[in-house]
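The values are calculated or read from the model by the stated rules, or taken from the named source; none is laboratory data. Worth saying up front: this structure is predicted, and the values here are computed from it rather than measured. Using ideal geometry, Cβ is built from the backbone for each residue, glycine included, and neighbour counts are taken over all protein chains shown. Note: accessible area is taken over every heavy atom of the protein model, side chains too, but ligands, DNA and RNA are not part of it. Shrake-Rupley method; radii C 1.70, N 1.55, O 1.52, S 1.80 Å.
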Amino acid sequence: MIKPLALFSPLAAFVLALGLTGAPGAAHAFCGFYVSGADGAVYNEATKVVLMRQGRRTVLSMQNAYQGPPQDFAMVVPVPVVLQETDVKTLPRAAFDRIDQLSAPRLVEYWEQDPCYQPRTRHRRRRSMPRPAPMSSAGASAPSGRHGVVVEAEFAVGEYDIQILSAQDSSGLDTWLREENYNIPEGAGEVLRPYVAQGTKFFVAKVNISRVTFEGGRAILSPLRFHYDTDEFSLPVRLGLLNSNGTQDLIVHILAPDQRYEVANYPNAFIPTNVRVRNRVRRHFGRFYAALFDKTVRQNPGAVITEYSWQATSCDPCPTQPLSQGELTLFGLDVIGGANGSAGSAGSVGSVGSVGPMRRRGRGRRPGGGASGQMVLTRLHYRYDRESLGDDLVFRPAEAVIGGRGMPNRGGHLEEGRQRSSSNQFQGRYVMLNWWPGAIACENPRRGIWGGPPNGRRPPAASATNTAFIRRRRAPLERWIRDDVPEINLRRYRPPVSAPPALKTSGPVLGKLGGGGVVAVGAMFGLFLWRRRKWH
């Protein structure tokens with residue numbers, strides 16, 4: 001049975017996976033498909049991509065998960081230039097899980113501290129409140145001009161045998177791939193045509209099964225990383241529609257020095273953040289967030305949603321440790337040059353109260369980030385289908401924003417929305433509040449002081465990851481929030497107010513009184529009017 005695709009990270013719409021020889025068995029995958037040489041369904045369970053960008057250089061890292069018969073298969077990725085062996089390397093899988101968890105929307109829980117707490121002595125420094133914790137939930141070959149296709153380079157990296165192809169026309173490329181026993185879908189030539197017309201090269205990574213480890217029928221593939229120089233910063237997602245059977249999710253992680261990114265050729269929107277939620281969300285956080293995201297998309301048709309933009313070596317609160325210098329180097333810091341990936345001091349962020357429309361804050365720094373050269377991690381989420389996707393995604397620099405941070409104020413309210421700023425500190429954050437449950441016996445209690453749990457234990461951290469796996473059935477979103485979210489026209493549930501029963505003065509009531517009862521009621525009413533005139 002073909003399973004639905006997982007929540008894809010950045011380049012999930014970027015990879016076109018092509019199977020080798022044999023019976024066609026298309027996989028229900030977001031960015032493409034795998035087809036093996038044996039009968040049986042296969043699918044690309046997840047694709048995660050991280051892009052690092054500075055100047056004209058792009059470093060693209062991608063991780064794929066293949067499930068199906070253990071026969072050879074391949075994937076084809078369009079690239080703007082001919083790649084050489086020194087441009088390609090494999091990465092550890094754990095790095096992708098870390099960046100996904102770090103940037104995913106998170107659930108945070110705060111507890112009101114003892115309103116009667118007093119320091120033991122006046123001379124001792126008051127203890128700092130504990131920080132709130134997130135909750136869970138080979139060299140080039142001789143050119144071959146067959147059908148206008150040239151093998152520009154070929155080499156082996158890890159479990160991959162790699163060829164770099166160029167083509168004169170898409171039909172020739174289609175024919176060449178079929179003659180090489182690549183089982184590609186009907187209509188591929190039409191989709192490949194604009195890439196060939198632009199002079200795009202094709203990175204073909206054939207997996208050598210003899211060098212792959214399988215666990216439970218799933219190939220454990222090493223992530224691939226390659227880099228290239230180009231003026232346009234874009235992501236080719238149209239190829240992913242060749243085998244699309246419905247709605248797909250694309251998550252793009254972008255790392256860049258001092259710079260947030262957004263899309264230039266589609267609308268942009270932000271996920272609502274700092275939304276107070278009820279404690280029952282703890283058990284349904286993934287389902288809650290999927291429903292909130294879908295509501296945001298309905299209110300912003302065709303938009304790419306920003307879910308995170310923060311310094312990569314800092315977070316507050318942190319569902320996992322921030323990215324280390326070594327991890328940034330893995331994702332491309334070693335080849336982009338000129339970026340300072342060292343950790344900065346973000347510290348904790350205090351509450352600044354409610355905010356209005358976005359406005360410029362700070363001076364002397366360019367839009368998009370501070371002056372320190374720190375790497376900014378941007379997470380973009382796009383949910384689309386054949387009708388809504390027209391062009392590949394093109395990215396552009398965007399000014400810095402803050403939002404989804406700060407402590408609750410004395411009344412339990414949080415900083416709302418987002419603001420322009422001189423540095424990036426925006427995240428999707430959802431907050432549960434626990435007011436002090438015990439007795440308050442002191443004369444001057446101090447209410448609304450928030451911190452960690454009374455027992456000092458930090459609950460396990462969890463982020464809303466893999467939400468594409470969540471069944472899109474109706475979720476009681478309005479019953480899970482404590483406040484209205486006007487930016488997406490979402491109102492919290494308000495129980496209906498029951499009206500008091502009206503006194504009936506006709507119909508069945510008077511009928512039950514009978515004739516004598518009606519006369520008695522009339523007499524009493526007349527007496528009431530007479531006494532009223534008497535006393536007035």
Return the total of residues in segment 375-406 being at pLDDT below 90 and open to solvent by 10 Å² or more (accessible area, probe 1.4 Å). 9
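What residue, of R473, R366, R359, is open to solvent by 10 Å² or more (accessible area, probe 1.4 Å), closer than 30 Å to P236 by Cα, modelled with pLDDT under 90 and among the basic types (K, R)?
When all the criteria are applied, what remains is R366.
For R120, indicate whether it is open to solvent by 10 Å² or more (accessible area, probe 1.4 Å), within 14 Å of R225 (Cα to Cα) and at pLDDT below 85.
Numbers: open to solvent by 10 Å² or more (accessible area, probe 1.4 Å): yes; within 14 Å of R225 (Cα to Cα): no; at pLDDT below 85: yes.
No; evaluated as a whole, the condition is false for this residue.
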Are any residues in segment 268-306 of a type in the set (A, V, I, L, M) and in contact with a helix residue (DSSP H, G or I) (Cβ under 9 Å, 6 or more places away or on another chain), and if so, which ones? A269, I271, V275, V277, V281, A290, A291, L292, A303, I305
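Across segment 99-115, what is the number of residues that are assigned to a helix (DSSP H, G or I) and either at pLDDT 90 or above or buried (at least 21 other Cβ atoms within 10 Å of the Cβ) (or both)?
Number of matching residues: 4.
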First in segment 210-227 and at pLDDT 80 or above and part of a strand (DSSP E or B), second anywhere and open to solvent by 20 Å² or more (accessible area, probe 1.4 Å) and aliphatic (A, V, I, L, M), Cβ under 8 Å, 6 or more apart: R225/L330; H227/V335; H227/I336
T313 vs. criteria part of a loop (DSSP other than H, G, I, E, B), buried (at least 21 other Cβ atoms within 10 Å of the Cβ) and at pLDDT 90 or above: yes
Taking the condition of being in contact with a helix residue (DSSP H, G or I) (Cβ under 9 Å, 6 or more places away or on another chain) and within 24 Å of Y228 (Cα to Cα), how many residues in segment 90-106 meet it? 4
Might you let me know whether segment 437-446 holds any residue that is within 30 Å of T313 (Cβ to Cβ) and either assigned to a strand (DSSP E or B) or at pLDDT 90 or above (or both)? no
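May I ask you to verify whether R298 is open to solvent by 40 Å² or more (accessible area, probe 1.4 Å), at pLDDT below 90 and not in a strand (DSSP E or B)?
On the way: open to solvent by 40 Å² or more (accessible area, probe 1.4 Å): yes; at pLDDT below 90: no; not in a strand (DSSP E or B): yes.
Here the answer is no, as R298 does not meet what is asked.
Working only within segment 159-169, note down all residues that are outside any strand (DSSP E or B) and either touching a Pro at 6+ places or on another chain (Cβ under 6 Å) or open to solvent by less than 50 Å² (accessible area, probe 1.4 Å) (or both). Give the derivation first.
So in segment 159-169, the residues outside any strand (DSSP E or B) come out as 159, 168-169.
Passing the criteria: only E159.
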Where the second residue is assigned to a helix (DSSP H, G or I) and open to solvent by 30 Å² or more (accessible area, probe 1.4 Å) and the first is farther than 20 Å from L330 by Cα and lies in segment 76-95, which pairs have Cβ atoms under 9 Å and are six or more apart or on separate chains? V81/D87
From the residues in segment 80-97 that are at pLDDT below 90 and under 25 Å from the mean Cα position of the chain (by Cα), which one is farthest from T306 (Cα to Cα)? P92
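Answer yes or no as to whether V304 is at pLDDT 90 or above, within 26 Å of E232 (Cβ to Cβ) and open to solvent by 10 Å² or more (accessible area, probe 1.4 Å).
Working: at pLDDT 90 or above: yes; within 26 Å of E232 (Cβ to Cβ): yes; open to solvent by 10 Å² or more (accessible area, probe 1.4 Å): no.
No, not satisfied.
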Among (1) aliphatic (A, V, I, L, M); (2) at pLDDT below 95; (3) more than 25 Å from G452 (Cα to Cα); (4) surrounded by 17 or more Cβ atoms within 10 Å (Cβ to Cβ), A371 falls short only on (4)
Specify the residue that is surrounded by the most Cβ atoms within 10 Å (Cβ to Cβ); the eligible residues are those in segment 416-426 that are within 21 Å of the chain's Cα centre (by Cα) and part of a loop (DSSP other than H, G, I, E, B). N424
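Every residue, every condition in (1) of a type outside the set (G, A, S); (2) touching a Cys at 6+ places or on another chain (Cβ under 8 Å); (3) over 19 Å from V252 (Cα atoms), yes or no:
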{"residue": "D294", "(1), (2), (3)": "yes, no, no"}
{"residue": "S309", "(1), (2), (3)": "no, no, no"}
{"residue": "A312", "(1), (2), (3)": "no, no, no"}
{"residue": "P322", "(1), (2), (3)": "yes, yes, no"}
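Residues to consider are F293, F331; find the one that is assigned to a helix (DSSP H, G or I), under 19 Å from V108 (Cβ atoms) and either open to solvent by 30 Å² or more (accessible area, probe 1.4 Å) or modelled with pLDDT of 90 or more (or both).
On the way: F331 fails: under 19 Å from V108 (Cβ atoms).
The match here is F293.
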